[in-house]
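One structure is given below, encoded as structure tokens.
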Amino acid sequence: MTSTNGPIAESEDPAPRPTRRRFSPEYKLRMVAEYDAAPTGEKGAILRRERLYHSHIMEWRAARDAGAMTTLTDQRTSPARPKKAAEAAELERLRKKVARLEKDLAKRDAALQVMGKASALLELLAESAD
């Protein structure tokens, strides 16, 4: 089926890119307190209502109990997370590539040595058969 309007421009994307939910430290503490105060049968209802997992509560409770209020912010997505400089990231990528290529080269050298020895052995066998 063809569209009569032509291709959709990038700015008119009908499905915007989803964003990760972020939880404030106050929300985390409130949810842990509400979860801990709830009777056993109602804990799952709290998680479903808030669209949380039990692992969220466990992680937030451990951070609260350790007294580490700063760990209640997600370090993976926090704006305060230090980002690698572009040069450092490129350098790391290139070092990994060099290591992989050196490993491949060592494998090829070993294979060539085996092939050379096999060729010499076959020549020796051919000479002795004559």
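The values are calculated or read from the model by the stated rules, or taken from the named source; none is laboratory data. Everything quoted here is computed from the prediction, not taken from an experiment. Note that we place each Cβ from the backbone using ideal geometry, even for glycine, and neighbour counts take in every protein chain shown. Accessible surface areas use protein heavy atoms only, side chains included; no ligands, DNA or RNA. Shrake-Rupley method; radii C 1.70, N 1.55, O 1.52, S 1.80 Å.
Would you check if PRO18 is out of contact with any Gly (no Cβ under 8 Å at 6 or more places or on another chain), at pLDDT 90 or above and open to solvent by 50 Å² or more (accessible area, probe 1.4 Å)?
Against the criterion (out of contact with any Gly (no Cβ under 8 Å at 6 or more places or on another chain), at pLDDT 90 or above and open to solvent by 50 Å² or more (accessible area, probe 1.4 Å)), PRO18 does not qualify.
Looking at GLU50, GLU42, GLU90, can you tell me which residue is modelled with pLDDT under 95 and either under 20 Å from the mean Cα position of the chain (by Cα) or at positive phi (or both)?
Answer to the selection: GLU90.
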**Study point:** Odd one out for GLY6, checked against (1) modelled with pLDDT under 85; (2) of a type outside the set (Phe, Trp, Tyr); (3) open to solvent by 60 Å² or more (accessible area, probe 1.4 Å)
**Key:** (3)
Revision key, fill the gap. When region 31-50 is checked residue by residue, the ones that are loosely packed, with under 14 Cβ neighbours inside 10 Å and free of Cβ contacts under 8 Å to residues at least 24 places away in the same chain are ALA33, ALA37, PRO39, THR40, GLY41, GLU42, GLY44, ALA45, ARG48, ARG49
Practice item. Please state which of the following conditions GLY67 fails to meet, knowing it meets all the rest: (1) on the phi < 0 side of the Ramachandran plot; (2) open to solvent by less than 70 Å² (accessible area, probe 1.4 Å); (3) modelled with pLDDT under 85. Key: (1)
